[in-house]
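Asks: This is the structure, below, for whatever I ask next.
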Amino acid sequence: MPPFEEETSTRTPEPPPPGGSSAAGASRHGRTLLFVAVALGFVIALLSSSIKNTLTAFYVSMTEDFDVSRGTFAIAPSAFMLTYAVASPVMGFVADRFGARKSLAGGLVLGGVLFLAGGFTQSFAVFTVVYGVGLAISYTAISYVPLGVLVDELFPPHRRGVTYAILMNGTAVGFVALLPLWIQLDEGTVWRSVFRWLGVVLLVVTVVALLVLPKEGGSAGVPAQEGAAPQRKSSQGMLSEVLGSRVFWTISLAFFGCGVTMAFVDVHLVAHLDHIGLGANVASTTVALLGAAEIVGALIAGYYCDRGHGVKVLVLSYLVRALSLVILMAAPTALAANVFGLLFGITYLGTVVASSMYLINSLDARAKGLALGLMWFIHQIGAFIASEGGGISYDTLRSYDPVVVFSAAIALVSTVIIAVWLPRVLRAAAAPAPDGKTADAQAAEGKTADGKAVDAGAAER
């Protein structure tokens, strides 16, 4: 049985609409709107990646332009990590309350304005606020959390994994196309021109998003469940449901390791390759391979998550990620860097897709954005540690090796959390109590036993 089939089969079937030809036309129109919405979501994910990969590519040039050390400059991306951590649950709540469309449009406007401001400022203090606070909020509003809510609004459970993977591949294309481009363009103050152009592009895409994205969940062809919109749950009730879910805590604690390892790649990888003498060409090839593998890995992860193999996806992703970091540390050569790019890339979005699908398919529809946001909050705590730790490590030891070793160790811890504890938590969540509710349902009011049992059983296969 495909995952979540039982969940979807409990819904009352929609009666066939009268008028065959008009119904067929409406169906085609709905599919077209879905396709356009997914395509735009992909573009938004691609543009959101530029908020992070510009800093990765221009890190050294920016430190020289602002005349600060790498450790001092690391304050900006570290502030980004912390702001992203705090903003993630807030934006998740906003997306739950007002829909993905408004969240995405607001984030695009903010990002456009701040890219322009960042491209003109001569003050590192101002840049730190613009990038570390403002662009972090923008990134939160146009990336993983609201795009996850968008997928939930538009697609039934058995199609969400692959669809979310397609959207997230926008970030992978950023690695394949944009990051190597930025690296090749990197010279002096070119980064300022890139920031200004990105600001203009984000503002243009804002208008397109407002015109294309559905105003309400389900308006692009997905019918509302049981023919009526659910009653709005209080903020306290939403938070209680998320924090009462053992699935949420297990997934999120492992996701801390995703934050640590991703931050090394997003902030320090290019600088590390430059430090060990591999140069811009090797760095470009490595990140291009990482991005290409990221595309394949995300689709594979989405495919297997939709078929109930989420545990296997997560275990393999964290384990292979740890192995890739060990290889990079053990053999500082061009070949090792390229192998690292392939191995890390295949896992880059696997952890994101699988972790997000567990939360999207196991929690109440009115709390999914909040759950994703809180998961990313924990992720970003790990990212902050790796971002700031890498800068301090370089300033004090002239080496990024300590943060590479630390990242590999944390990835192994995440592997153990998923392999040992997640199956137990899923079985416990699926076991109905005498009143017919699951264990998590008793901790969070309003959750049915069917949804938990289906998620747990499907994910363990």
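Asks: Which FRET efficiency, nearest 0.05, do Ser399 and Glu64 yield, Cβ-Cβ r, R0 30 Å?
Replies: According to the calculation, E is roughly 0.90.
Asks: In what sequence do Trp182, Trp249 fall when counting other Cβ within 10 Å, fewest first?
Replies: Listed from fewest to most nearby Cβ atoms, that is Trp249, Trp182.
Asks: Between Glu187 and Val207, what is the label-to-label distance in nm when each label sits 7 Å out along the Cα-to-Cβ direction?
Replies: 3.3
Asks: Can you tell me the length gained on complete extension of the stretch Val126 to Val86, counting 0.36 nm per residue apart and subtracting the Cα distance?
Replies: Between Val126 and Val86, full extension yields 12.4 nm more.
Asks: Report, in whole Å, the centroid distance computed from the Cα atoms of region 309-341 and region 164-189.
Replies: That distance is 20 Å.
Asks: Let me ask you something else. So between Arg307 and Trp197, what do we pick up on full extension, going 0.36 nm a residue minus the alpha carbon distance? Could you put the intermediate results ahead of the total?
Replies: Details: separation 110, 0.36 × 110 = 39.60 nm, distance 4.14 nm.
Length difference between fully extended and current span is 35.5 nm.
Asks: Counting Lys and Arg as +1 and Asp and Glu as -1, what is the net charge of the other residues whose Cβ lies under 15 Å from the Cβ of Phe406?
Replies: Cβ neighbours under 15 Å give a net charge of -1.
Asks: Applying a 10 Å radius around every beta-carbon, put 163-169, 351-357 in order of their mean neighbour count, most first.
Replies: Working: 163-169: 25.1, 351-357: 28.9.
Per-residue Cβ counts within 10 Å, averaged per peptide and sorted highest first, yield 351-357, 163-169.
Asks: Here's a follow-up. Under 11 Å from the Cβ of Val265, count the other residues' Cβ atoms, weight Lys and Arg +1, Asp and Glu -1, and hand me the total. Don't skip to the end; give the middle numbers.
Replies: Details: positive: Lys52, Arg321; negative: Asp266, Glu294.
Net local charge, Val265 excluded: 0.
Asks: Same structure again: Where Lys and Arg each count +1 and Asp and Glu each count -1, what net charge lies around Gly373 among other residues with Cβ under 14 Å from its Cβ?
Replies: 0
Asks: Give me the distance in nm between label points sitting 7 Å out from Cα along the Cα-to-Cβ direction at Phe98 and Ala331, one decimal.
Replies: Distance between the two pseudo-spin positions: 5.1 nm.
A short reminder: the numbers here are calculations on the coordinates, not readings from a lab. The model shown is predicted, which means the values in this text are computed figures rather than measured ones. As a convention, Cβ positions derive from the backbone with ideal geometry for all residues, glycine included, and neighbour counts pool all protein chains shown.
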